[in-house]
Every structure is written in structure tokens, then in C-alpha cells.
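The values are calculated or read from the model by the stated rules, or taken from the named source; none is laboratory data. Fair warning: this is a prediction, and the values are worked out from it, not measured in the lab. All Cβ positions, even for glycine, are placed from backbone atoms using ideal geometry, and neighbour counts span all protein chains on display. We work out accessible area using only protein heavy atoms, side chains counted, and drop any ligands, DNA or RNA first. Shrake-Rupley method; radii C 1.70, N 1.55, O 1.52, S 1.80 Å.
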Amino acid sequence: MLDKNNIINNLIKKAGVDITVDQAAAIKAYIDLLLETNKQINLTAIVEEGEIWRKHILDSLLIFCALAVPPGARVIDVGTGAGIPGFILKICRPDLHLTLLDAQQKKVKFLEKVVTRLGLNGVECLWGRAEEVGQNKNYREKYHLAVARAVAPLNTLAEYCLPLVQIGGFMAAYKGPTGEQELKEAAGAINLMGGTATKIWQRQLPGGEERRILVIVKKERVTPPAYPRRPGLPAKRPLK
Ligand code: SAM
């Protein structure tokens, strides 16, 4: 009989990514902390370990099939929540410099606990709103890659993420089947934020039926200084 670890290993290989035994152990330690803390604060609706591996971990790793992330790249995870996908990318690519950004302080405290327990270097846990961080010169146009998963529709997300991306860098939005439609509705916002050359990358999540879409946008022009607008506006009045 195949044990659970084998099944997970096979799914990860099937997805086209590979992780070492040490990386799998670090991810397992992260999952244990996530589930333990989830009893006190709501961090994940998925609580079965195998499903966490498939729907959170495997899903996070798919970006490595879709986009070459250069060594030592600066990456920001906008609306990271419990650290997904950011922590998973960092565990599998320790060379990355990672900023984990979330608007909820209790989640950021959890992120800090994970960094300490796992002994991760080169991770900044930032409590704040994307709208404010995008106007802060220490963060604005400083990242090679901004990722976001389950945060907002793509038109809002473009205003959260693209101001943080340097010219020549990318924004990658983790989406489900709505990704293509969201992209049609976000074309104007992406263009206004300086993004072009959009690519849709899709795959069925191994071990199930779920269709996953990564919308990858290249940043080719500077974002006008008026964006992102003040907190709340990108969600309330998304750019057309
Ligand atoms: N990315 C994680 C995942 O895939 O599990 C968390 C998703 S959770 C549904 C959305 C998170 O985005 C929440 O933790 C919320 O606080 C954060 N968020 C929403 N809008 C934000 C904003 N404008 N700035 C920073 N964080 C934001």
C-alpha cells in the first residue's frame, strides 16, 4: 500500500516540480504549525493534511512550472494570509528574498512565529495594506515578482501588485477557472498600472479535477504616481 508521503511525492512530481527531503520536512513543520494555530485563529478552511498538501502546497509550487524566477530575486506575497504561497516558495527556493504582506496583524504575528520556528533567513513579515505599501518608496517598484492568491479580483489585484513590481518584473495571480474572464475585465487596469504581455498558464491540479490558472503580467512601464489609490478604493471602485 502506498503511504501518504508517497502519494504526495508522486503528485508533486506529476506537477513537474521536485522538492528535497529537507524541504518536504520544512513544509510539514509549517503545516503542523498552521493546524495548531488554526485552533485559535482562522488561518485555513482546509484542515485535512493531505488536502493541505494538494490544494495549498502543490498549488503554490505550480508557479515554478510557469515562470523562471531568477536567483536571489526579490518576491512579495500580497495578502499572504497564513503565508501561502510565499512560505512554500521560500522553503523550496531559499535564495529568494521574500516579503510577506498582510493587512491583519494576527496573521502577521503567525508569519513571524513561522519564520522563527523554521529558522528562515531573508523573510520580512509586513503588517499593512497593499495600497499604502505600494506608495512607500522602500517598497514601490522594488520587486522582481509580486504574487497573490485568493485576495481580490484581477482588476483590484493589478492596482495592489503592479506598483510594487520593478520594470521587467512580473505579477503572478493564482486563480481558478474565473481567471480568463477576470483578465478580460482587468485589461484596462493592467495597462494603466504599466503591465503588458499577459500570459495565461493553466493546469489541472494533480490528484483532482480542479482547474488552476496563473495570470502572469509583465511590467514594462512605470506606474503613474496616483496609484495605488487610498485604502479601500481599488476594491470599491476597481479600475476599468
Ligand atoms: N494568500 C492566502 C491564501 O492563498 O491562503 C490568503 C488568502 S485570504 C482569503 C486573503 C488575505 O488577503 C487576507 O489575509 C487579507 O487580510 C489579505 N488582504 C486583503 N486585502 C488586502 C490589502 N489591501 N492589503 C493587504 N492584505 C490584504
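The one condition from (1) open to solvent by 50 Å² or more (accessible area, probe 1.4 Å); (2) of a type in the set (Lys, Arg); (3) within 17 Å of ARG149 (Cβ to Cβ) that LYS107 does not meet is (1). When each of VAL147, VAL215 is tested for being touching a residue at least 60 places away in the same chain (Cβ under 8 Å), touching a Pro at 6+ places or on another chain (Cβ under 9 Å) and of a type in the set (Val, Ile, Thr), the lone residue that passes is VAL147.
Listed here are the helices (runs of 4 or more DSSP H) enclosed by region 1-98 that have at least 3 residues being open to solvent by 20 Å² or more (accessible area, probe 1.4 Å) and polar (S, T, N, Q): 4-14. Screening GLY207 against (1) surrounded by 15 or more Cβ atoms within 10 Å (Cβ to Cβ); (2) within 28 Å of ASN10 (Cα to Cα); (3) within 16 Å of the ligand (Cβ to nearest atom) leaves a single unmet condition, (3). Contact map, region 75-86: residues that are over 15 Å from ALA152 (Cβ atoms) paired with residues that are within 6 Å of the ligand (Cβ to nearest atom) and part of a loop (DSSP other than H, G, I, E, B), Cβ distance under 7 Å, separation 6+ or inter-chain. Pairs shown: GLY86/THR80. Checked across region 50-59, the condition of being among the aliphatic types (A, V, I, L, M) and touching a Pro at 6+ places or on another chain (Cβ under 8 Å) holds for at least one residue.
Residues being touching a residue at least 12 places away in the same chain (Cβ under 8 Å) and within 16 Å of the ligand (Cβ to nearest atom): count how many of those fall in region 105-144. Number of matching residues: 25. Candidates THR178, THR156: the one that is open to solvent by 70 Å² or more (accessible area, probe 1.4 Å), within 16 Å of the ligand (Cβ to nearest atom) and either touching a Leu at 6+ places or on another chain (Cβ under 9 Å) or not acidic (Asp, Glu) (or both) is THR178.
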